[in-house]
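Right, one structure below, let's go through it.
The values are calculated or read from the model by the stated rules, or taken from the named source; none is laboratory data. What you see is a predicted model; the values in this text were computed from it and never measured. Heads up, the Cβs are rebuilt from the backbone with ideal geometry, glycines too, and the neighbour counts pull from every protein chain shown. Note: areas computed on protein heavy atoms with side chains; ligands, DNA, RNA excluded. Shrake-Rupley method; radii C 1.70, N 1.55, O 1.52, S 1.80 Å.
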Amino acid sequence: MKILASIALSVLALVATAPANAAYPDKPVTIIVPYPAGGGTDTVARKLARNFSQRWKIPVIVENVPGAEGLVGSERVLRAPADGYTLLFQISQMMLWKKTMPQARVNAVEDFRYISKIQTSPLAFGVSPKLGVKTLADYVALCKAGRADCSWGSGSAYAQLIGKQLMDVAGIPNAINIPYKGTAPMMTDVAGGHIAMAVPAVTSSLGQIQGGLFQLLAVGSDRRSSQVPNAPTLAEAGYDVHGETWYGLLVAKKTPQPVVDEISAAVRVASQDADLVAQIRHDGGEPVFSTPEDFTRDVTQESKRLESLLEKYWTAP
């Protein structure tokens with residue numbers, strides 16, 4: 001009887017643990033994009049989903065859940081079971097929530113596991129061609145001389161923060177910042193000469209740059225952008241400032257390690273997808289496809305850097 005009881009308990013234990021050990025994924029996966037459909041984030045996420053679906057032989061669905069600068073969709077992911085069936089495609093804007101959105105109940109660093117950066121895009125520092133300046137030093141000199149309007153626009157909290165740092169480092173901290181609710185209206189105003197400078201991401205301004213409506217003076221990455229190679233970095237222009245956004249794939253913190261490993265493996269396969277890589281570059285981004293370890297390290301370091309900048313430059317609207 002004792003032997004039979006022992007066998008019965010062993011069988012029950014195997015049944016109880018079977019779902020946790022089931023092959024992942026064995027049902028549809030959803031990628032939450034916490035921004036409206038049609039944008040750069042959405043386009044890349046859909047190509048990534050298509051690649052995942054081909055690997056896993058199951059549907060991978062992209063769902064747009066916009067609101068509150070990406071917070072609404074991110075909360076949706078955290079409310080779902082931490083089983084890898086609800087993924088998040090986010091941008092580095094989320095690293096600012098703790099300071100810029102104190103009402104947020106999401107901790108960007110502690111509540112998620114970071115699977116992979118998918119792409120990066122440097123901030124673009126440019127002016128209206130009507131302003132008549134060719135370099136960032138020209139713009140700074142113009143501002144210091146007081147010969148023209150020295151206003152500059154930002155379409156996100158991140159651009160506002162890095163822009164304020166640049167103005168401080170350049171010695172023109174009183175240059176007037178005009179915050180916009182999105183990049184599109186800001187780019188319209190700078191092209192029309194209503195503001196002197198705009199600070200979008202390269203991915204959000206590549207069309208205007210190529211069309212001659214936006215005179216690019218510098219980019220915020222450590223290396224020159226492959227899409228606008230003639231533009232110097234801020235460091236090359238003489239300013240020790242870094243501003244680069246990332247797009248990345250995340251899951252809830254308690255997602256099991258085997259599931260994280262499989263999603264990471266799927267990303268490695270996707271990194272060989274020429275169509276996906278071409279789309280990223282076409283939109284002005286730089287493909288990255290990092291490991292979870294590298295992404296987590298980068299986020300931890302970036303969080304500390306941004307925290308110090310927020311303490312110095314951020315003022316609540």
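Data table
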item: Cut-off 11 Å between beta-carbons: net charge of the residues surrounding residue 55, Lys and Arg +1, Asp and Glu -1; result: +1
item: Carbon + sulfur, % of accessible area of the chain - ligands and nucleic acids excluded, 1.4 Å; result: 55
item: Most mobile of 277, 169, 60 in a GNM of the chain (Cα contacts under 10 Å); result: 169
item: CD proxy at 222 nm, helix term only [per DSSP H run n ≥ 4: -39500 (n - 2.57); per residue of the chain; nearest 500]; result: -13500 deg cm²/dmol
item: Cβ-defined net charge surrounding residue 157, 12 Å radius [Lys, Arg +1; Asp, Glu -1]; result: +3
item: Folded to 0 to 90 degrees: helix 157-169 orientation relative to the chain principal axis, Cα; result: 40
item: For residue 245, residues with placed amide H under 5 Å, excluding near neighbours; result: 121, 123
item: The chain: most fluctuating residue of 121, 264, 74 per GNM, C-alpha cutoff 10 Å; result: 264
item: Rounded if a/c under 1.5, otherwise prolate or oblate - segment 36-129, Cα gyration tensor axes; result: oblate
item: Where the chain is the region considered: accessible area per residue in Å², 1.4 Å probe; result: 47
item: Dimensions in Å of segment 124-237 - Rg and Dmax from alpha carbons; result: 12.5, 34
item: Calculated semi-axes √(5λ) of the Cα gyration tensor in Å (choose from (i) 28, 21, 19; (ii) 44, 20, 16; (iii) 43, 23, 16), label; result: (ii)
item: Candidates 145, 235, 82: whichever shows maximal mean-square fluctuation once the chain is modelled as a Gaussian network with Cα springs under 10 Å; result: 145
item: Residues of type aspartates and glutamates that residue 181 reaches as a straight line, Cα spacing below 20 Å, ignoring anything fewer than 8 places off in the same chain; result: 42, 69, 189, 244
